[in-house]
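Just so it is clear, none of the values below were taken in a lab; they were calculated from the coordinates. If you're wondering where the values come from, they're calculated on a predicted model, not measured in any experiment. Because the Cβ atoms are built from the backbone with ideal geometry, glycine has one as well, and the counts that use them run over all protein chains shown.
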Amino acid sequence: MKAITEALTRLGPLARYLLLGLLALGSWWAAERFGPPIEKGKKLQPGKVDYYSKGLQRTVMDEAGKPKEMLIADELVHYEDENRSELTKPVMTLYTKEGPPWVIHAETATLPGDGKQIFLNGEVLVLRDANRDGRTMRIETRNARVRPDDNYAETDEDIRVISPPDYMTGTGAKLKFGDGIEYTVLANVRRKHEIQK
């Protein structure tokens with residue numbers, strides 16, 4: 001190393017620059033010739049994201065051109081190999097022919113590629129403003145499955161249905177959304193009705 005340093009100091013500045021340039025050129029040539037090949041246009045591997053969206057809003061219309069359902073999410077991430085999407089903080093609105101819509105909130109959601117069923121994960125909250133009879137509806141549960149085309153949802157978890165003056169709790173439920181609601185709580189059912197004076 002000392003001999004190389006002494007040889008460089010004896011050369012003039014121009015010769016030193018030429019020598020360093022030749023060394024750089026030789027290094028580049030060796031990397032190109034003996035280095036690993038560069039992969040171009042490589043297809044995404046399983047589990048890889050092929051697209052994502054922030055601030056997603058999607059509206060589906062009915063045959064008459066009126067909103068049928070709307071989906072809003074903070075973020076959507078689509079996985080190519082599994083053809084599925086993951087949503088963060090989704091809010092799904094199911095419109096009815098008459099009366100206020102059903103609004104479904106979840107922590108996260110998974111949409112398989114066919115889009116026929118949505119898996120709502122974590123805390124799930126279903127809200128509806130007062131309809132013609134003046135009653136509001138609030139449903140609290142976890143981990144639900146929704147079929148938007150059928151206005152249908154189900155869960156295996158504990159559920160609370162609050163529609164004053166009625167309160168119902170239980171485990172597992174099947175719900176059909178529409179202008180009204182039809183639901184069946186499957187087990188451990190408890191109902192309370194407050195008599196209004």
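Using a simple spin-label model with pseudo-atoms 7 Å out from Cα toward Cβ, residue 63 and residue 93 lie 2.4 nm apart.
Residue pairs exceeding 32 angstrom between C-alpha atoms, taken from 48/174; 116/192; 48/176; 97/174; 54/192; 54/116: 48/174; 116/192; 48/176; 54/192.
Seen from every direction in turn and averaged, the convex hull around the alpha carbons of segment 49-193 projects onto 8.9 nm².
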